[in-house]
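Below you'll find the structure, written out as structure tokens, and then a few comments.
The values are calculated or read from the model by the stated rules, or taken from the named source; none is laboratory data. All values reported here derive from a predicted model rather than from experimental measurement. Glycine also receives a Cβ, built like all others from the backbone with ideal geometry; neighbour counts cover every protein chain displayed. Keep in mind that these areas ignore ligands, DNA and RNA; they rest on the heavy atoms of the full protein, side chains included. Shrake-Rupley method; radii C 1.70, N 1.55, O 1.52, S 1.80 Å.
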Amino acid sequence: MLLEKMLQSQGFGSRKHCQQLIKNGAITVQGEVQTDLKFRVDVKNLNFSVFGQSYVYREKIYIALNKPQGFECSHHPQHHQSVFDLFPDILRERGLAAVGRLDQDTTGLLLLTDDGKFLHALTHPKRHVPKVYHVTTLDTVSPNQLITLEKGVELHNEKGIFAATNVHLLDEYQLSLTIHQGVYHQVKRMLAAVGNKVQALHRQQIGELVLPELELGEWIYLNEDQIHAAQQSRSP
Ligand code: URA
């Protein structure tokens, strides 16, 4: 691949800008400065650096973020910061998108990618990818509420019944549950439908991918196994 094309694909700006970086001697490939605009790179296991900062070539990016509170999953947030502010410019430049949305006050596992197929596979309503949440409630959770969540509830303006699986009481005010759809505010509305209220919400798992050990606001690139695990539809 032409060096400038490779740089462009990794989010380093327009073709012109990438050419300028090369001409200015800002780019090293496998340890050597490359100023030749005709230089071609083999992208397999490619390491390069831009202004001394090293990068690994990635055809597509798959990221897990432990989302903190107070961030909206939108490029045009209304009232809070954008989750995309947590990432470097080069990733935003590549068209990083959130795989579904978490509310601004929800914490936990958020996947982000620039791979449209991956995004589609995880968000398509027919795939029913399970998502595990930990819920803290305002009122004590009654046995009846747990049963009703598993039986399913109706939600205003939504078709069908919304049932959770693996509903477990963690303590008086906390439960975990798995949902298989992803309509707007689904967990909060399900808890409201059984007569309780969500105080805090945390996503712990998508498919078979459990939130890796990350501080709030920290993120990692997923490896092949983790990318695969996120797409598994079997309930935990
Ligand atoms: N359900 C909600 O109510 N909010 C979220 O952020 C995710 C699921």
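Other residues with beta-carbon under 12 Å from the beta-carbon of A121 carry, at +1 per Lys or Arg and -1 per Asp or Glu, a net charge of +2. Taken over segment 3-56, the ratio of Cα radius of gyration to 2.2 N^0.38 Å equals 0.96.
Between segment 151-183 and segment 72-118, the alpha-carbon centres lie 25 Å apart.
Under the simplified labelling scheme, the K16-E218 pair shows an inter-label distance of 4.2 nm, with each label point 7 Å from Cα along Cα→Cβ. Taking each of K60/K197; K60/K188; K131/K197; K67/K117; K16/K60; K60/K126 in turn, the alpha-carbon distance tops 30 angstrom for K60/K197; K60/K188.
For the chain, the solvent-accessible area of protein heavy atoms averages 55 Å² per residue (probe radius 1.4 Å; ligands and nucleic acids excluded).
Ordering H202, L149, H185 by Cα displacement along the dipole of segment 130-206 toward the positive end leaves H185 in first place; charges were set at the Cβ atoms of Lys, Arg (+1) and Asp, Glu (-1).
The accessible surface of segment 12-122, taken with every protein chain in place and a 1.4 Å probe, is 45 percent carbon and sulfur.
For segment 103-120, putting each phi into the Karplus relation 6.51 cos²θ - 1.76 cosθ + 1.60 with θ = phi - 60° gives couplings of 5, 4, 8, 8, 10, x, 5, 10, 9, 9, 7, 10, 9, x, 5, 4, 4, 5 Hz, in residue order, rounded to whole numbers and with x for Gly and Pro.
The trypsin sites (Lys or Arg not before Pro) of segment 1-76 that meet both conditions, a loop assignment by DSSP and at most 13 other Cβ atoms within 10 Å of the site Cβ, are K38, K44, K60. Label separation (E154 vs H120): 3.5 nm, computed from points 7 Å beyond Cα along the C-beta direction.
Remark: the H76-K38 segment gains 9.8 nm on full extension, using 0.36 nm per residue and subtracting the alpha carbon distance. May I ask what percent, to the nearest 5, of DSSP beta bridges between residues of the chain are antiparallel? Bridges in the chain are about 90 percent antiparallel. Over segment 105-236, the reciprocal of the mean inverse Cα-Cα separation, the Kirkwood hydrodynamic radius, stands at 15.4 Å.
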